[in-house]
Every structure is written in C-alpha cells, then in structure tokens.
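Here the structure is laid out as structure tokens; the discussion comes afterwards.
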Amino acid sequence: GRIMSDALDATARKGPSAGHTAPGGARLGSRPLIAAIVLLAAGLAISLGAAVGWHAAVRAHERQSFEAVAASVSATLATELRRDTEFMETLRALVAMRPHIGATEFDQWYGLLHGGQRQVGNLATAVVSIVPAARLRAFEAARAADPAFRRLAGGDTAIVPAGRRSRYCLVAAGATRLGAAQLVQEAMHIEWCSSALPGLAGYLRAEADTGRIGVTPRRLGTVFVGAAVYRRGAPQSTVAQRRAAVIGWVWSTFDIPSVIGSAIGSRHALSVTLSNVGPGGTTHLLGRAGGSGDDGSPFAVRRVLHVDGRWVVAIRGSGLPAGLSALAQGLLVLAFGVVVCALLFALALVLIRSRQRALALVQERTGELRHHALHDALTGLPNRELARDRAERMLARSARSGVPVAALFVDLDGFKHVNDTFGHAAGDELLRLVAQRLQGAIREVDTAARLGGDEFLVLMEGVELPDAPQWTAERLLAVLRRPYRIGEGRASNVTLSASIGIATALSGGAEELLRNADIALYQAKAAGRSRHVVFEPSMQSAIRERMTLQMDLGEALARGQLHVVFQPIFSLRSGEPEAVEALLRWRHPERGLLMPGEFIEIAEQTGLIVPIGRFVLEEACRRAAGWRRRGHRIGVAVNLSARQLAREAFVDELACSLHDHGLAPGALTLEVTETAIMRDAAASARRLRAIKRIGVRIAVDDFGTGYSSLAYLRQFPVDDLKIDRSFVSELPSSKEAGALVHTLMQLGRVLGLRTIAEGVENPAQLDVLREEGCDCAQGFLLSAPLEPDALESLLKAGPAPAIAADRAPASPAQ
C-alpha cells in the first residue's frame, strides 16, 4: 500500500509535464513505469506468498483431519479387540465350569451370550477337550449322539492323523457363521496335539504354559485366537502346575479384514493393517483392509494397542475426501494473483482476508473433528473416552486435594419399550431430552456424558459433603421422572424412571471408579429400579456369587436338580382339599435346598424362566392327571411368569400340555401377578382371553400388592383372587389388615370371584377368614408343601384337621 501511495504521489508531483523528455535526456514518466514494475513485482510476491500460505494451511488441515480419523479407527479397533478378548475369557470360564460341555449345550450358552453379535468378523468358535485314550470311545459316541455336533461335522469325523495315543485333543463343541462351515468341519477331524502337527501342537502347548490368550495367523487375513482351559480349583502359579491342570482349549478364528473394515466404516480411502506382537517380540502381519496404500497417500501413522498383548495398527491415507491437492490450490491462487495484479492493493486486501478465512476454516474444522471424536453425535455430551479422561484428571486432582470424586451411572428403566412402541426416531428424541435434563440438573463443574444406548454418566468433582452424591442422585431421579413429550408434534406423553449407581474415590484409576459405579447400578436394578444405590466393596463378591448361581441354574434343569412340591388349598366350608399349588424347589448340590425367592429373579432376568416354567407346567399336569385317574377330584394351580405370558407361543404350548397328559382344562388354574399383567395390559388381556377360551381358570396372585384396579379386573377374565400372605399375617391384631381383608372379600363377592387366602399359620387367622366368608385357604396351619406321594396320602385322609376341629359341634360338657 505504501508503494502504491508513493507512486501516486510521485505521479502527482510530475504534473502536466509527465511523459516529456527531461533536459538530461531521460524520458519523463520512467518513475511511474518503475513504480508500475515495482507494483507488479510486489503483486507477484504477494500472490506467491498467498499461494504458499494456502498450500501450507490445506496441508495442515489434511494432517489434523487424518490424525483425528486415525485416532477414531484405532480406538474402535481397540474396543473390538477388547470385546473379543473378554468374550474368550467368558468362554474359558464357561468351559472350566462345564468341562464336559456338549455341542447342543454349547449352542445354548453361545446364544445366551450373544456370541455371534459380540464378535465382529468371527468365522467359527470351538471347544477342544483333552480326552484320555480310555474315554475316547465314549467321547466319540457322545459326539455322534449330539445333533448339534452332527450338524457341525457334516459327516464322518475320523481322527486325522490316525494312530493310537495316550490322549487325544479333539473338538467337543463349536459354533460357526454362514460361509465358514467347511472350516469347522476340517477342525472336527484334527487331533490337535498330534506330533504330526508340530505347529498346532506347539501353539496349544504355549497357550497352556502361559495361561494367556494367544494369537496365531492361519493365513494372511485369518487368525486363530485361543486360550487354555484349566481344571477348576487347580493351582496355576507355575508352568508345571498349568500343564498339569489344563483340560482343553477354546478358540475362535476371525476374518481380520472384516474386523478392520468395521473400524474403517465409510472411510474407504484409508489403508489399515493390523499386526500382533508375539511373546518373543516377533511381529506377525494379520491382515489389511481399505485402500491399497500405494496411491501416494501423504500421511501415515503407527499405533500400538495394549489389549491382552501388543497389537500394531498402521494407517495410511489423506484423511479428507478426494479433490484438488494442496499444490493445485496454491497454483490457482498464484494465477489469480497474476491476473489481477493491476489492482494490487485491492487484491492484497482480498488475499489477506481470504487467507484469514482459510486459517479460520482450518481451525474450525479441526475443532469440529476433535469435538466429534470426543462427543456423542446424538446428544452432544462427552462420550466414553472423554468421560474417562476427565475422570482420570479429576482423580489426579483429588489425590492432591483430598476431596473425593463421585461417579453416578444413570440407566433409563423401560427405554426399550419406548423404542418398540414409538420407534427409534422417538427414542433418539427422548435421549436428547434426557441429556438436556441431566445438564440442567448438575453444577457447571460437573460432567454429564453418554456412554452408549440409554446409559449416562455424571462425574462430580470436589464432593466435600458425604451425602452430596446421594442428594444429586435424588434430584436426577426426580428430574428424569417428569413426563416427556415426544413424537410428531410432541403428541405422545411418556413417563419413565431411572436407576443410578454411585461410587466415590480419592485416588486410583477411572476404570475402577466407573466399574464400581456400574456394579452399584446393577444392584439398583436388582432392588426394583427407580432408585439409587451407593457402591460397597461387598457388592463385588455378591456379583460373583450371583454369576455362579446363574451358571449353576443353567445346568440345574438338565441335571434333574429342580423338582415340584404341592401345597393343598382347602375349602373353608367343607374342609376338603379343592386344589393344590405347584411350587418349585432346587436341590443344589453344594447349597442344599433353595427356595424360589433365591433364584427365580435370576431365571427371569436370563430368560431361563421359560424352560423352567414349561417344566413346572408339564409336571403339574402330569401329576394332576394321575391323581384324577385314581379318583381324587383335585385341581392344580401353576404360577405363570411375565415372560411366559408375553410369549405368543404359550397358548399353543398350554393346549399341547393338557392334551398330552389328558388333563381337563378346568382342572388347571394359572396364577399371574398384577405386575406381570400390567407390563403390557393390552397384550396380556388378549392372551388371557385365549387361555380362558381353552377352559383354563385364571387367578390373580398376591392380590392387593400391585395395581389393585377395578378397571383391570373387569378387563381381564379372572376367576380367583388370592389374598397376599402379607395381609393375612397381620390378622387379627391389625385393624387396617382386617379392614383390607374385609374389603377384598366384599370385592370378590360383588364380582363373583372365588377368594383364596395365602399363608394361614394360626387358628385366629383362620377364624377371621371364615367370618369374612373367604372361600379357600392354604398355609402351614393346614398343610405344608408336600412331595407327590405324601400329598396323595393327605387326599385319602379327608378334611384338614384344623378346619374339621373348628367346624365340630360343641359337646354338652362344654
């Protein structure tokens, strides 16, 4: 600008004589020409400088974009590898618990553990068992008799290589995905520990010696991931002890390009290779996916992942969509500067402003990429990675200040029902509203994050008051419990609750703090939801004990440990037993006799309640049909769980059970709780009416403890009301209990329903019930639950002594 000004001033000073020859022979006007040349040179220099700057800015933008994308791909790969490793540990624990697991049972567990969904790129999974020569024939016979194994083997299972050995390492069970059947069929024939297969045998021996999960390339793109399984309770401190304790292996084979491809997603321009570093430090290339990486990609990065070993991820690419290169863009800027250099001042101003805008765009885009990498796309909250980083920083400051950090794990109750009813778009809208409420209910110094699905996290720093996390949890529960308006035009009104797990710490790692909060959340869910629970160290052992009981329950039905006893239900008019209630018991081999309250909740949560409920129904129908054939006109009542009632196939299964055992439908009563009915009132009403059409009676169990709505009693085809034992136990001492029992009896009479009182344990309770006109009763005063043979003896004995004595006329002496 100063050059142009000087040139213009010089031209003005020349005045009218400009362009004429001066006395010295020099042409007048050379100064403007020189100024024009200087102006042109300055314009070219400015244009060149702008072009170089533009090139550098675009290049920096590309590098930052590539590094952000590479970090995202690496984090996704680490998550997938960690998920596969955790799943292998779960399988190893399962086989250790069930060393003789068969193919069919393994299929069931594999399905319960969602193996096919949890392992990206998985081709096949198998269990290899060590079989002594003396058990070989029995082992092969068991495999041949297992339909799941025959389906996997696809034919002959001759051992390869053939020959006699003192022990054999053979596949006992497995699972395969579509297109990998031949791979499993090949494995079925292999004797894995054979000296004729030194590479494979050495691989298994190394796994047994180290006890770690091993990775072995099968060929480029496909790998084996395996782990040795040891005998439960055996010491494993030394190599010799581990060798003596090994009973087999679990292995999975993976298509590595598929694993990498899931991490790459739509970023097809990236070239990614994955390698594994073995125990000896040898690096094995496992596979690659994406672009070829030989197209002159300007950026490359190499990252080491520590996931039960060392993994090396190499990423190459540009990080931006294809377009003009940085050099081409710089040349265009230079050309533009040359074309308009006659307007150098204006051009310089434009170039300066353009460069500033370009740099601002680079910074803005870089900030966006960083934000997207560390924030949830749906809610805008920090994601799991950023939350973990902030927790680590908070704990570091907490260790110095001595003021604890609190983590609140928040999980929405019933969110799946919202998705199923209103659709995923409404579910996403609900999650955004929840995020807004969480942010509005916490302090500015606290952090709210979304961990995935309907799970959120609140991190509180500087928790000086001991009860501050609980107060915050109460506030969050109240805020989240308020109705939400979602859907088109916000026409739908939805109310749901939340469960919160709380953990605090003064130091340590973020993983431990979040894990403790997650355990507390699990306890809050188990305690009935819509509440908060503070973590205690004893919860860890309780979780382990619950998991052990859950695994044992999966085997209890197959091993015949479950059995049914029957408690008589007596008429209070005749004293005769009118029906029996089928009650489940578990003869646990280590814990002894377990009542339903100790395991039914686990069965409900895992879905095992469906086969267990089917077993109880079959046993009840079989026993009742036998008693009726022998002249005992007795009915049987069976408890129906919410999961059974929710199944469309249940009505057909019920009809088949009655037909198979020859039991009249009117002799069977299904007892269902108010809570189970109201989970989905419309579907429950439809299914109960279908049951009623068969001729089966329906009773509402534990009446008075749930919804207790006259509206639903009119809506559902109910025959019996069972008065909960909690009301009966307070008779006759409690006026409130007496008034409530009186009301329920009147309700039963008005609606024409039979009333049955549970838990009658003393004569005073029996007197009150008879005075109120109760129809039937059951309880320890009348009879404890009985084994089938003992019950038949009771049926032959006639009326219950307690009722008969009460009905007997008074003697003259009295």
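Quick rundown of the values:
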read-out	value
Among Pro99, Ser72, Phe139 - extreme Cα towards positive end, dipole of segment 43-176, charges at beta-carbon	Phe139
Spin-label pair Ala478/Ala201, simplified geometry with 7 Å Cα→Cβ offset, distance in nm	7.2 nm
Between segment 665-685 and segment 393-472, the Cα center-to-center distance that results, in Å	37 Å
Dipole in debye (nearest 20) - the chain, about Cα centre, beta carbon charges: Lys, Arg +1; Asp, Glu -1	2660 debye
Dipole of segment 652-781 [Lys/Arg +1, Asp/Glu -1 at C-beta], most positive-end residue of Ser733, Ala676, Ile691	Ile691
Sequence ranges 301-307, 550-556, 475-481, ranked by mean other-Cβ count within 10 angstrom, highest first	550-556, 475-481, 301-307
Carbon + sulfur, % of accessible area of the chain - ligands and nucleic acids excluded, 1.4 Å	55 percent
Beta bridge orientation in the chain: antiparallel %, DSSP, nearest 5	80 percent
Chain lengthening between Gln715 and Leu113 when straightened (0.36 nm per residue, less Cα-Cα)	212.9 nm
Phi to ³J(HN,Hα) by Karplus 6.51 cos²θ - 1.76 cosθ + 1.60 over segment 264-281, Hz, x for Gly, Pro	5, x, 8, 7, 5, 6, 7, 10, 10, 10, 10, 10, 10, 9, x, x, x, x
Using a Förster distance of 51 Å, the FRET efficiency for Ala764-Ala526 (Cβ separation, nearest 0.05)	0.90
Per-residue ³J(HN,Hα) for segment 85-92, Karplus 6.51 cos²θ - 1.76 cosθ + 1.60, θ = phi - 60°, Hz, x for Gly and Pro	5, 4, 5, 5, 5, 5, 4, 4
Peptides 730-736, 241-247 ordered by average Cβ neighbours within 10 Å, highest first	241-247, 730-736
Residue-wise HN-Hα coupling along segment 242-254, computed from phi with Karplus coefficients 6.51, -1.76, 1.60 (Hz; x: Gly, Pro)	5, 4, 6, 8, 5, 10, x, 9, 10, 9, 9, 10, 10
Long-range tail of P(r) for segment 62-155 (Cα pairs > 22 Å, %)	46 percent
Alpha-carbon spread of segment 608-710, three principal axes, descending order, Å	41, 26, 26
Rounded Å value of the spacing that divides the Cα centres of segment 539-605 and segment 607-655	15 Å
Nitroxide proxy distance, nm - points 7 Å out along Cα→Cβ at Leu506 and Arg559	4.5 nm
Förster-model FRET efficiency, 30 Å R0, Ser262 and His371, C-beta, rounded to 0.05	0.80
For the chain, the Rg and Dmax computed from alpha carbons only, in angstrom	38.2, 165
Taking the chain and dividing mean pair separation by its residue count, relative contact order in percent (alpha carbons under 8 Å, at least six apart)	8 percent
Accessible solvent surface per residue of the chain, calculated while the other protein chains remain in place, 1.4 angstrom probe, Å²	49 Å²
Sequence-distant residues sharing a close amide H with Val160 (under 5 Å, placed H)	Ile190, Glu191
Simple label model, 7 Å out from Cα along Cβ direction - Leu40 to Arg432, nm	5.9 nm
Förster-model FRET efficiency, 35 Å R0, Phe615 and Glu464, C-beta, rounded to 0.05	0.05
For segment 568-671, with +1 on Lys and Arg beta carbons and -1 on Asp and Glu, the positive-most of Ala649, His632, Ile569 along the dipole	His632
Added length on full extension, which subtracts the Cα-Cα distance from 0.36 nm per residue, His189 to Thr79	36.2 nm
All lysines inside 20 Å of Lys416 as judged from Cα atoms, apart from same-chain residues fewer than 8 positions distant	Lys525
Protection-proxy order for peptides 632-641, 462-471, 231-240, each taking the mean of Cβ atoms within 10 Å per residue, highest first	632-641, 462-471, 231-240
Extension reserve of the Arg629-Leu593 stretch, reckoned as 0.36 nm per residue once the Cα distance is removed	9.8 nm
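The values are calculated or read from the model by the stated rules, or taken from the named source; none is laboratory data. From a predicted model like this one, the values you see are computed outputs, not experimental measurements. For neighbour counting, all protein chains shown are included, and Cβ atoms are generated from backbone atoms with ideal geometry for every residue, glycine included. In case anyone asks, the SASA skips ligands and DNA or RNA and just uses the protein heavy atoms, side chains included. Shrake-Rupley method; radii C 1.70, N 1.55, O 1.52, S 1.80 Å.
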